[in-house]
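Input: a single structure, listed below in structure tokens.
The values are calculated or read from the model by the stated rules, or taken from the named source; none is laboratory data. Just so you know, these numbers come straight off a predicted model, no measurement behind them. Don't worry about glycine lacking a Cβ; one is built from the backbone with ideal geometry, like all the others, and counts go over all protein chains shown. For accessibility, only protein heavy atoms count, side chains too; no ligands or nucleic acids. Shrake-Rupley method; radii C 1.70, N 1.55, O 1.52, S 1.80 Å.
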Amino acid sequence: MSHIAENIKAVEAKIAAAARRSGRKKEGILLLAVSKTQSVDVIRQAVECGLTSLGENKVQEIMDKYEPMGEGIHWHLIGHLQTNKVKYIIDKVDMIHAVESLKLAEEIERRAAAKGLVMDILVEVNMADEDSKYGITPKNAEEFIRELAKKEHLRVRGLMTVAPFVENPEDNREYFRQMKQLQVDINAKKIDNIVMDVLSMGMTGDYEVAIEEGATIVRVGTGIFGERDYSK
Ligand SMILES: *Cc1c(COP(=O)(O)O)cnc(C)c1O
């Protein structure tokens, strides 16, 4: 078995165990393979193991890999998206994870309308209030989502967060718990068009804790492909 296949088996076992611990079904959790910086050949190994949902944080990388990877891939844009780049990926990705400004939402709405599609989006929330991170504050989430709800070509599927980089994943448990609570609170407002069932949280260092707190998408790169090489 290849290195990547072994890694995937191990991650999937940990996902199943975390689901079991928290009384959830593993089928309710999507393992999104974060393929940024990885070559098409390497990514194919993950796809062959059944991981057909791929996360990229740069528009350019999706553009480069889209044709070579071919049909049957579900691309997710997980990184910060500049308004002027929406047009390149609007008909290529299944989901945009990091919507955090009205200006960006309006551009996605406009481009999706032009293509006659409805784009699934997540609202990025900066749970730990880190200066270095994108995302709206939890306090502003409801108001922001009320604005997004008016847009016909956006479907707000849920929330996404990039938790702080920590040595001990337990340090992020509280942020994951708060994000789950935010989802519950906003769903309880019964905003027209808003039923949020997705929580994109947890990366290689903390996805098990994130699952215990309700993650439905975990974004795992290093845990599948090994350390990234940014020199290429
Ligand atoms: C790179 C990246 C990940 C994956 O990080 P790993 O620690 O390698 O699992 C997850 N989410 C986002 C937004 C990323 O940019």
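Here are the numbers for this structure:
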{"item": "Volume of the Cα convex hull of the range 75-187, divided per residue and given in Å³", "result": "102"}
{"item": "Per residue accessible area in Å² of the range 42-153, where ligands, DNA and RNA are left out and the probe is 1.4 Å", "result": "49"}
{"item": "Stretchable slack from Ser39 to Asn193, in nm (0.36 nm times residue separation minus alpha-carbon distance)", "result": "51.6 nm"}
{"item": "The chain - percent relative contact order, Cα under 8 Å, separation 6 or more", "result": "21"}
{"item": "Calculated FRET value between Lys139 and Lys58, using beta carbons and R₀ = 35 Å, to 0.05", "result": "0.75"}
{"item": "Using a Förster distance of 45 Å, the FRET efficiency for Glu6-Lys103 (Cβ separation, nearest 0.05)", "result": "0.55"}
{"item": "Contour excess over end-to-end distance, with Cα ends at Glu167 and Thr222 and 0.36 nm allotted per residue", "result": "18.3 nm"}
{"item": "Simple label model, 7 Å out from Cα along Cβ direction - Asp185 to Ala16, nm", "result": "3.7"}
{"item": "Sequence ranges 64-76, 176-188, 158-170, ranked by mean other-Cβ count within 10 angstrom, highest first", "result": "158-170, 176-188, 64-76"}
{"item": "Calculated FRET value between Arg177 and Tyr88, using beta carbons and R₀ = 45 Å, to 0.05", "result": "0.80"}
{"item": "25 Å tail of the calculated P(r), the range 1-144, as % of Cα pairs", "result": "39"}
